[in-house]
Amino acid sequence: MNSVLSFLSSIPWWAWLLFIIVCIAIYDMFIQRKHVILRNFPVVGHFRYMLESIGPELRQYIVANNREELPFNRIERGWIYASAKNQNNYEGFGTDRDITQSHYIFINNAMMPYKMAENHPNAKDPYFLACAKIMGAGRRERPYRPGSIINVSAMSYGSLSARAIESLNRGCAKSYAYHNTGEGGLSPYHKTGSDVVFHFGTGYYGVRSEDGGFSMKKMKKLVSENPQVRAIEVKLSQGAKPGKGGVLPGSKITPEIAEIRGVAVGKDVLSPPNHKAFSNVPEMVDFIEAIAEETGLPVGIKAAIGKLDAWKELAAIMKSTGRGPDFITVDGGEGGTGAAPPSFADHVALPWVYGFSDIYRIFQEHKLTERIVFIGSGKLGFPAKAAMAFAMGVDCINVAREAMLAVGCIQAKVCHNNTCPSGIATQSKWLQRGIDIPDKAERTQYYFKNFKKELLEITRACGYEHPCQLAMDDVDINLGDKNLTQTLANVYGYHKTKVPFEGTKSLVACKDLGGNYNKKEVAAQMDYDSVRY
């Protein structure tokens, strides 16, 4: 035995290396049959696959220029990272954008910007920017005014990690923002301080009956036990894969996720394309009203936009009956955090700007825009894009991927593989451990604060106090050349309905015992941290 070990130890390292290479070559050429490149080019073919596997990283950091990447280029990511770290997010030496490109937006500043009074609420808190409208005002027992015009969009626990969800929730609590649960149910990580919008889809996770349908009993229990739930959102479709169901593999269903979602451990769960609780627009309206009646909360719907016939039917019913959703979230067909087939993410449903303009016009024609709180979702987490969205008629925006970037996402694009290197879109305990919750919560807060600060600066440059006052003529869009540059009103064929607005002081509103908001002015010295919207 000693002689064998002595012989092996006497063999030089290069001989061992040569032996390993020969073995790999023999395996590649004669044993494996899956890869033609390896059969034809043994050993060296492995370098091709290795380079292919790190191709996205090479392009992201070395090859692609600052404005080239999608869905978020390096400049956009850099602005979010700097804002979230409360660092300098300015740029010098002028823009490097091609400002003559088609669909480039220009915001029309006023000759005289808005002048803020010394006792203005923003003089004490420059980041205070509540929604100008109230969800369910005059209709629901517990109406809700979002305390921030920017909030976290629907991303489920299960899609995101527990530490990522908790970081976002704590950050929302610091920013007066609400946190949408996504369709994965209300987890303990959604209960760390912020207001919550409970969101469910066709799987009815969290309010699911034994037969896979909707349980009103569970819904009432969830709302009564969780006062932080301030509104309910019914998902009709999402931008990533509208009209397509999904399967939650049993391998991903841990005991904790099973308890939250109301499903069996280790068993595949189907989320069908259609709802069991309703099958047409009148039934959907009845369903919405039943939930609102039982819970007292505002109820809304979320959808990516395609065909418009059902939306026209909904508007007609709402106009004639006074019933229906209190808010509508329009999701862009560009896709988002949900994993989807490329055919869906690339081609199904309209981009946000087209979908929202179609929907807003329908409800404006029926004189319903003052009653509905419109929420936009689809790469709107940048101040200039948000200004455009407010000019078109949104009252709040929801951010998903931008919020992920704020807590450390590096756009690795492996959300669907459970291998997210930043620990955000994975259930791997090892990868999650890198997330420091207090630090990431602070980053969420800073992103929201700096976003609102910059949006307010754009708003005041246009001569207004609040983004809700922005109008379609305040933004131009380039359609190809100088002669084709038009206002949003000319391009999309409508003027936004003026939003009733009595000044920022009117938004610092206290809720009385009846759940109604008084409209009296509140002293600028009010402690905002004590206000619940």
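With respect to the conditions (1) assigned by TED's automatic domain parsing to the domain that holds T444; (2) over 20 Å from V234 (Cα atoms); (3) surrounded by fewer than 19 Cβ atoms within 10 Å (Cβ to Cβ); (4) within 27 Å of the chain's Cα centre (by Cα), R74 lacks only one, and its number is (1).
Let's see how each residue does on (1) within 23 Å of I105 (Cα to Cα); (2) outside the structural domain of D195 (by TED's automatic domain parsing); (3) modelled with pLDDT of 90 or more:
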| site | (1), (2), (3) |
| --- | --- |
| K452 | yes, no, yes |
| M472 | yes, no, yes |
| N490 | yes, no, no |
| Y494 | yes, no, yes |
| F501 | no, no, no |
| Y517 | no, yes, no |
| D527 | no, yes, no |
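For the range 220-244, filtering for residues that are among the acidic types (D, E) and more than 17 Å from the chain's Cα centre (by Cα) leaves 1.
Would you pick out the residues in the range 426-453 that are crowded, with 21+ Cβ neighbours inside 10 Å and either in contact with an Asp or Glu (Cβ under 7 Å, 6 or more places away or on another chain) or of a type in the set (S, T, N, Q) (or both)? Passing the criteria: T426, T444, Q445, N450. Scanning the range 370-396 for residues that are modelled with pLDDT under 95 and part of a strand (DSSP E or B) yields a total of 1.
Just one of (1) loosely packed, with under 15 Cβ neighbours inside 10 Å; (2) in the same structural domain as Y446 (by TED's automatic domain parsing) fails for M116. It is (1). Selection of the range 140-167 for residues being crowded, with 24+ Cβ neighbours inside 10 Å, among the hydrophobic types (A, V, I, L, M, F, W, C) and either without any contact (Cβ under 8 Å) to a residue 40 or more places away in the chain or closer than 18 Å to N418 by Cα (or both) yields M155, L160, A164, I165.
Filtering the range 103-128 to residues that are of a type outside the set (F, W, Y), at pLDDT 90 or above and either out of contact with any strand residue (DSSP E or B) (no Cβ under 8 Å at 6 or more places or on another chain) or assigned to a strand (DSSP E or B) (or both) leaves I107, N109, A110, M111, M112, P113. The set of residues in the range 466-493 that are of a type in the set (D, E) and surrounded by fewer than 21 Cβ atoms within 10 Å (Cβ to Cβ) comprises D473, D476, D481.
The values are calculated or read from the model by the stated rules, or taken from the named source; none is laboratory data. Quick caveat: nothing in here was measured; it's all calculated off a predicted structure. Every residue, glycine among them, receives a Cβ derived from its backbone with ideal geometry; neighbour counts consider all protein chains shown.
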